[in-house]
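Chemist: Next up is a structure, given as structure tokens.
The values are calculated or read from the model by the stated rules, or taken from the named source; none is laboratory data. These numbers were taken from a predicted model, which means no experiment stands behind them. With ideal geometry, Cβ positions are generated from the backbone for all residues, glycine too; neighbour counts draw on all protein chains shown. To get the accessible areas, we keep the full protein, side chains included, count just its heavy atoms, and leave off ligands, DNA and RNA. Shrake-Rupley method; radii C 1.70, N 1.55, O 1.52, S 1.80 Å.
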Amino acid sequence: MHEITREWEQHLFQPEYIALYYSGELERRVERLEARLASCDICPRECGVNRLEGEHGFCHSGHLPIVAVVCPHHGEEPALSGSKGSGAVFFGNCNMNCVYCQNYQISQDWKKQQSKEMDSHTLAERMLYLQDELGCHNINFVSPSHFVPQLVRAVLEAVPMGLRLPLVYNTSSYDSIKSLKELDGIISVYLADLRYASNKWARRFSRVQDYVTHARRAIAEMYRQVGGLIVDESGLAQKGLIVRHLVLPNRLAGSGESLTWLVNEVSPAVTVSIMSQYFPAHRASQISLLARTISASEYSEVIKLVDELGLENGWVQEMGAQEDYLPDFERKAEPFLSIADT
Ligand code: SF4
């Protein structure tokens with residue numbers, strides 16, 4: 001695949017959230033988003049619970065952010081990891097429930113995650129640590145869909161402390177358009193999964209009723225906001241959309257349908273990250289359709305399609321070493337110890 005076009009020189013880039021902070025708009029966004037926690041519709045589940053009063057919906061998350069791990073991540077796409085790592089902020093809990101979740105230790109055990117609640121000022125300090133102490137290239141919010149108000153509140157706190165890095169929204173794409181619109185100008189890079197082309201499989205394996213509609217709408221909105229990927233002179237992402245597609249065994253990811261939709265409805269120039277690293281983690285080993293890694297022929301079928309569709313921007317992960325990509329969140333400082341670059 002081709003290198004991402006280097007347009008850095010034409011964009012004297014400063015993340016837009018700085019201007020939003022000084023205009024007062026960032027604070028207004030926080031107020032609007034936090035008000036919605038009283039009858040939560042932050043994600044498409046629209047549980048309607050009062051998270052400000054400690055009620056829990058599907059994601060089992062209250063009004064404070066739950067931050068499971070903060071660490072440099074060297075296993076993201078090269079434009080994000082660079083040489084010093086992507087500054088990952090792993091939120092606890094999730095608004096999905098994937099039977100094969102690699103992050104199940106922090107996404108699916110909500111009782112254990114409760115002790116990891118953090119106030120927004122502390123989260124802002126952790127972001128500054130990633131920027132100033134570790135020299136990470138961006139702040140990468142992982143599984144943020146149920147914590148959008150808390151994320152924006154932390155950015156509001158972090159700007160006067162000196163935050164200047166591009167912000168990455170690393171999502172399964174089960175996101176509400178109303179919430180995404182509040183992120184317009186705050187998020188520089190959307191790193192969005194396109195998991196399924198079938199609501200049947202999404203229901204069965206991730207406990208979402210209507211994934212395909214919501215994820216496609218969300219990805220279209222993300223592209224409207226940030227467009228194609230722009231990298232700096234070092235090849236580091238500054239702005240744009242990256243769509244991740246994890247190939248599942250037995251064609252369960254609907255790769256043909258999803259990638260065709262992407263080309264026709266988003267853009268053939270969109271940056272994609274095709275991933276071979278599926279591993280039957282969490283409960284997947286008990287489900288026959290998901291109980292194995294993908295085969296070489298399943299993967300080459302998808303790669304051939306990528307070529308045929310003319311998707312030229314992005315990355316294709318090598319086959320093999322799937323277990324190397326499995327994190328262990330008990331190793332808090334370095335959950336991805338053995339990960340190689342994608
Ligand atoms: S963010 Fe959580 S409580 Fe709110 S709608 Fe989504 S799953 Fe329900």
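Chemist: Within the range 222-258, work out how many residues are out of contact with any Lys or Arg (no Cβ under 7 Å at 6 or more places or on another chain) and either more than 23 Å from TYR196 (Cβ to Cβ) or not hydrophobic (A, V, I, L, M, F, W, C) (or both).
Modeler: Within the range 222-258, residues that are out of contact with any Lys or Arg (no Cβ under 7 Å at 6 or more places or on another chain) and either more than 23 Å from TYR196 (Cβ to Cβ) or not hydrophobic (A, V, I, L, M, F, W, C) (or both) number 23.
Chemist: Residues in the range 81-93: is at least one within 16 Å of the ligand (Cβ to nearest atom), closer than 30 Å to ALA291 by Cα and of a type in the set (S, T, N, Q)? Break it down into steps so the answer makes sense when it comes.
Modeler: First, the residues of the range 81-93 that are within 16 Å of the ligand (Cβ to nearest atom): 91-93.
If we keep only those that are closer than 30 Å to ALA291 by Cα as well, we get 91-93.
Okay, now just the ones that are also of a type in the set (S, T, N, Q), so 93.
Yes, the range 81-93 contains a residue that is within 16 Å of the ligand (Cβ to nearest atom), closer than 30 Å to ALA291 by Cα and of a type in the set (S, T, N, Q).
Chemist: Would you please list the contacts, defined by Cβ atoms under 6 Å and residues six or more apart or on different chains, that run from a residue in the range 37-50 that is under 23 Å from TYR211 (Cβ atoms) and modelled with pLDDT of 95 or more to a residue that is open to solvent by 40 Å² or more (accessible area, probe 1.4 Å) and near the ligand (Cβ under 6 Å from one of its atoms)?
Modeler: As it stands, the answer is CYS40/CYS47; ARG45/PHE58; CYS47/PHE58, since those pairs meet every condition given.
Chemist: Quick check on my filter: what residues within the range 168-178 are surrounded by 24 or more Cβ atoms within 10 Å (Cβ to Cβ) and over 8 Å from the mean Cα position of the chain (by Cα)?
Modeler: Within the range 168-178, ASP175 is the sole residue that qualifies.
Chemist: Could you check the range 41-57 and list, in sequence order, the residues that are hydrophobic (A, V, I, L, M, F, W, C) and either open to solvent by 50 Å² or more (accessible area, probe 1.4 Å) or assigned to a strand (DSSP E or B) (or both)? Even if it seems obvious, please write down each step before you answer.
Modeler: Step one: of the range 41-57, the residues hydrophobic (A, V, I, L, M, F, W, C) are 42-43, 47, 49, 52.
Within the range 41-57, CYS47, LEU52 meet the criteria.
Chemist: Could you list, in sequence order, the residues of the range 53-75 that are within 16 Å of the ligand (Cβ to nearest atom) and over 18 Å from LYS112 (Cβ atoms)?
Modeler: Passing the criteria: GLU53, GLU55, GLY57, HIS63.
Chemist: Looking at the range 121-155, which of the residues that are open to solvent by 20 Å² or more (accessible area, probe 1.4 Å) and not charged (D, E, K, R) is farthest from the ligand (Cβ to nearest atom)? Explain how you work it out, then say what you get.
Modeler: Taking the range 121-155 first, the residues open to solvent by 20 Å² or more (accessible area, probe 1.4 Å) are 121-122, 125-126, 129, 131-135, 137, 143, 153.
Now restrict to residues that are not charged (D, E, K, R): 121-122, 129, 131, 134-135, 137, 143.
Working: HIS121: 22, THR122: 21, TYR129: 27, GLN131: 27, LEU134: 29, GLY135: 33, HIS137: 28, SER143: 11 Å.
Step by step, filter the range 121-155, then rank; the result is GLY135.
Chemist: Next up: For LYS116, indicate whether it is more than 17 Å from the chain's Cα centre (by Cα), open to solvent by less than 60 Å² (accessible area, probe 1.4 Å) and charged (D, E, K, R).
Modeler: Values: more than 17 Å from the chain's Cα centre (by Cα): yes; open to solvent by less than 60 Å² (accessible area, probe 1.4 Å): yes; charged (D, E, K, R): yes.
Yes, satisfied.
Chemist: Looking at VAL212, VAL263, VAL231, VAL247 in this structure, which one is over 27 Å from ASN97 (Cβ atoms) and in contact with a Phe, Trp or Tyr (Cβ under 7 Å, 6 or more places away or on another chain)? Give the steps one after another, and end with the answer.
Modeler: Details: VAL212 fails: over 27 Å from ASN97 (Cβ atoms); VAL263 fails: in contact with a Phe, Trp or Tyr (Cβ under 7 Å, 6 or more places away or on another chain); VAL247 fails: over 27 Å from ASN97 (Cβ atoms).
VAL231 is the lone residue from the list that is over 27 Å from ASN97 (Cβ atoms) and in contact with a Phe, Trp or Tyr (Cβ under 7 Å, 6 or more places away or on another chain).
Chemist: Considering only residues of the range 204-223 that are outside any helix (DSSP H, G or I) and touching a helix residue (DSSP H, G or I) at 6+ places or on another chain (Cβ under 7 Å), which is surrounded by the most Cβ atoms within 10 Å (Cβ to Cβ)?
Modeler: Ranking the qualifying residues of the range 204-223, first place goes to VAL208.
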